[in-house]
Every structure is written in structure tokens, then in C-alpha cells.
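The values are calculated or read from the model by the stated rules, or taken from the named source; none is laboratory data. Bear in mind that the values here come from a model prediction, so they are computed numbers and not experimental data. We place every Cβ from the backbone using ideal geometry, glycine too, and count neighbours over all the protein chains shown. All accessible areas refer to the heavy atoms of the entire protein, side chains included, with ligands and DNA or RNA removed. Shrake-Rupley method; radii C 1.70, N 1.55, O 1.52, S 1.80 Å.
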Amino acid sequence: MLDWSIIIHYFPFLFKGALLTLQISVISLILGLAVGLAAALSILSHNILLRWPARFYVWIIRSTPLLVQLFIIYYGLPQFGIDLNPFWSGVLGLALNTGAYNAETIRAGILSVPKGQVEAARSLGMGSSLTMRRIVLPQAMRLIIPPLGNNFIILIKDTSLVSTITLVELTLTAQRLIGSTYKPFEMYLMAAVLYAVLTTGSSLLLRQFEKRALKGAAA
Amino acid sequence: MSANNAFATHEGAMIDLRGLRKSFGSNEVLKGIDLTVQRSEVQVLIGPSGSGKSTLLRCVNHLEQPSGGQILVAGELVNRSDLKPRAFQRHLNRIRTHLGMVFQQFNLFPHKTVLENVVEAPVQVLGRSKDEAVADAEELLAKVGLADKRDAYPVSLSGGQQQRVAIARALAMKPSVMLFDEVTSALDPELVGEVLRVMEDLAAEGMTMMVVTHEMGFAERVGDRVIFMADGNIVEEGVPAEIFSHPREERTKRFLGDILK
């Protein structure tokens, strides 16, 4: 039987953990989008000084586990005098991780915009950055919002790994409360429900964005 | 504005191609083209597919980078080799504002309304005020018969309507020359006429035009000069009546025979 009194009593603690999870997710999302866009444009650039480092970044992130990346940032970097607290270590690791996946998504979106669109813009005297900003990216957005949203849902769930570098977010809050309550099922269940609320809420919000981005698209 | 004035007052040829060559890999598509388009002249390029006529047109505004020769627009060299990449890009952008282009596939911006399509470049490139650009755009849309479609998205328009918007979009830059690249080839037959009529009106107003087309009726009726191309060369050129009634070259006779039968 579920111990409802425990659930009601400890819910505020877990809710607080969920707020921290939300906070770290949103900051990582924003940074991850910026990093992803920069990496995607670099990969598509003619300049090999941009293209090669960007390719290397995407490759190394996608071919190693997030957990190891977080450990390198939190436990490894202090050896080189870079000593970030758990929160910013987590943000850095998650932003770099989701950024690499975003880069692939954004790159594919940009490439899917027909060449004729770029030619039309160029023939009107628009430069390359104006063409990218006004013509290509808005059209790429339509295609990349759903997969980017998917990346964001994965990001929210991946924040649970930040519990391993001592940040007391939702998962670590639950773990700590188990130490004093001996009620693992109730605690993890509450954590799971709160994760589901965060991810489902994000999905619904993203669907609204998607609708706005789709104006003018073929039905 | 001084650059604009230079285009408006230039007295020599509006477009002057000298020994223009273009290769794609080992395939030479243009083999040294010499061609001159005078102000207010309507020059129609015809020829079998693969003859190089579209490539020629796309070299004029440097959508294709020529492999050799010179392109002069209003006396100014387009394919300059003395500029660093960024300066060259600015140079191209400036020249392109004077060369309107209309494409076979329309290439309207699907995420923008008809009005936004027309207003985009005048505001973003020429820095004109929104109000002024909108007033101009409405006038142009009325001219191409689409004033009532200003708030529609391209996807809801027919091919012929989209192409007329594309013409209005190019005209909004107040270009000195209009380049038409097989603009009716992707249209259903019953929609071709409405686009050709807009082009005919433009020619009557004295617009300088280079038209790549398979519409021989249009070439004969509207063209001041017809250029017949085959295999990357100009085979024959002259006034339409001459080319269509008394072609001199065997290659021209064969092409016209195939297309008109």
C-alpha cells in the first residue's frame, strides 16, 4: 500500500527539487540551442577552421556517455584549475551534450531548405547572413522544432544524471529522503510523476510553437 | 543612390558579355559568348535544353560563377577578381539589386505572405521604410492583378499567381534589367497566358529584359531580338521575323522545325 501521509508530507521537498531540475533544464536548453546553432553553421561553413573543430565537437560528444562527460567536467577539470560548482558543471555538461545533438538537427533542417530559396534571396541582393536569418532559418525551423523538442525532452530526463555530481535536484532529493524515510517506492514514484509533469508540460508548450512556425506551410 | 543613378543614366549597353565561358567540371556549357543588350531591349534566348541559355542568364547576376570572360552590367564589371571575398560579396549584392530575376520554380518565400515577399528586399536590403515599401508593393500587386491576395501565403496561390507575385517581388527593387529564366515552363498550359501578359506589359513600358523561354509566340511578338543557342554557342541571332521566317543556319531550322511542328 502507498503511504499517502509520507507523500503529502514530503511533496514540497521534491517539488523544490523539481524546480531546480526545471531551472537547469531551461538554462541548458537555451545554451544548448546557441551552441547547436553555432556548431551547425560552422559545420556548413566553407572555413575549415570553423568546420573541423565543430565536427570534432559533435563527434566526441555523441560518441561518449553524458555521465563520463559530467565526471570530466566536475571531477576532472579542477586538476587544471577550472573549478565549477555542481550547478554550473551540470549546466555546462548538459548544454554541450544537447548542443551536439541540436547541431545535427539544425544542420539537417538548414540543408532541407530548397536551393532555389537561397538563389531567390541572393538575386534580390540579400547577403549570406541576411539570407540565413530571414529566409533559410525560419523555413528550417518548421522542420526542426519537433526534433529539437524531442532533444529537450531527453535533456530534461538527462538532468537526473547531474545527481551524481552532488547537485540536489529532483533525483538526488528523492534519494536523500529515502535515507531518512526508508520509503523508496513513494519517493521515486513522486520523482517520476514530477518528471512526467515537466516533460509533458514542455511537449504541450512546444506544440504551440510548432503551430506558430507552420504558418504558410502546405497542409 | 548614386549607384542607382549610374544605372539609370548609363548610355551604353545595359548588359555586355565578352567571351563568356562556363564549365561544370569537364563539361563546357558556355563556349565564349559575346552578347549585348541595349537599354529597353527585349532579348529572347531560345534553343534546345542543354544549350546553355539558362546558365548564361544565371551568369549575368553571378548565381553561376563564370569560368572566363567578362560580364558588364551598365558598364560595370560584375566578375571582378581584384576584390577580397567580403568586398566582392558586397559588390555582387549591390549589382544584384539592379538585376531582377524570375525563376522557373517561382521560389517565393513560403513562410511569408504575398505582401511580405514583395516588401522583404526593399526594406532589408535597400533600407526603405516599411510604409513606403508597402505602398509600392500594393501598387505592384495591383499591376500584376493580385491586389486581393496580399495577405495570402504562396501555398494557397496557383502557379500563375505565384509567378506574378515573383515578378512583382523582383520589380519592387526597381531593377534596371529583368532576367526571366523559363518562367512559364513549370505552369499548367492555361496559366501561361496570364504570366506572359504581365511580361508583355513590362516590355511595353520599356523595361530591359533577357528572356529564356520556349514560348515561340512570345519571342516573335515581344522580342526585339532573338538569340538561338546550341551546345554552348550562339548559332544565330536577329530580329524575330528574320529568325522565325528565314533562319539561315541548318541547326536553327532543325530546332524550329522540331518545336513548331
What single numbered condition from (1) open to solvent by 50 Å² or more (accessible area, probe 1.4 Å); (2) in contact with a helix residue (DSSP H, G or I) (Cβ under 7 Å, 6 or more places away or on another chain); (3) at pLDDT 95 or above fails to hold for A:THR200?
(2)
Failed criterion for B:THR97 (all others in (1) facing another protein chain (nearest Cβ under 8 Å); (2) over 17 Å from the mean Cα position of the chain (by Cα); (3) open to solvent by 10 Å² or more (accessible area, probe 1.4 Å) hold):
(2)
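Test A:LEU206 against the criterion of being at pLDDT below 95 and within 14 Å of A:SER25 (Cα to Cα), and give yes or no.
On the way: at pLDDT below 95: yes; within 14 Å of A:SER25 (Cα to Cα): no.
So A:LEU206 fails the test.
Each row is one residue, and each column tells you yes or no for (1) within 19 Å of the chain's Cα centre (by Cα); (2) in contact (Cβ under 8 Å) with a residue 60 or more places away in the chain; (3) farther than 30 Å from A:VAL136 by Cα; (4) open to solvent by 50 Å² or more (accessible area, probe 1.4 Å).
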residue: A:TRP4; (1), (2), (3), (4): no, no, yes, yes
residue: A:LEU19; (1), (2), (3), (4): yes, no, yes, yes
residue: A:ILE43; (1), (2), (3), (4): no, yes, no, no
residue: A:ILE48; (1), (2), (3), (4): no, no, no, yes
residue: A:ILE60; (1), (2), (3), (4): yes, no, no, yes
residue: A:VAL68; (1), (2), (3), (4): yes, no, yes, yes
residue: A:PHE80; (1), (2), (3), (4): no, no, yes, yes
residue: A:PRO86; (1), (2), (3), (4): yes, yes, yes, no
Residue count, region A:109-149, condition at the interface with another protein chain (Cβ under 8 Å from one of its Cβ atoms), crowded, with 19+ Cβ neighbours inside 10 Å and not in a helix (DSSP H, G or I), comes to 3
Anything in region B:145-157 that is away from chain A (no Cβ under 14 Å) and either touching a His at 6+ places or on another chain (Cβ under 7 Å) or farther than 24 Å from A:GLY125 by Cβ (or both)? List them, or say none.
B:GLY145, B:ALA147, B:ASP148
Qualifying residue in region B:74-92 (condition: open to solvent by less than 20 Å² (accessible area, probe 1.4 Å), modelled with pLDDT of 95 or more and within 10 Å of chain A (Cβ to nearest Cβ)):
yes
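Among the listed residues B:PHE244, B:PHE180, identify the single one that is outside any loop (DSSP other than H, G, I, E, B) and more than 30 Å from B:LYS130 (Cβ to Cβ).
On the way: B:PHE180 fails: more than 30 Å from B:LYS130 (Cβ to Cβ).
Sole residue among the options that is outside any loop (DSSP other than H, G, I, E, B) and more than 30 Å from B:LYS130 (Cβ to Cβ): B:PHE244.
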Hey, does region B:229-242 have a residue that's under 17 Å from the mean Cα position of the chain (by Cα) and open to solvent by less than 20 Å² (accessible area, probe 1.4 Å)?
yes
Of the residues in region B:171-191, how many are under 17 Å from B:GLU205 (Cα atoms), of a type outside the set (Ser, Thr, Tyr) and surrounded by fewer than 24 Cβ atoms within 10 Å (Cβ to Cβ)?
6
Residue that is farthest from A:VAL113 (Cα to Cα) [pool: residues in region B:105-144 that are more than 9 Å from chain A (Cβ to nearest Cβ), open to solvent by 50 Å² or more (accessible area, probe 1.4 Å) and outside any helix (DSSP H, G or I)]
B:SER129
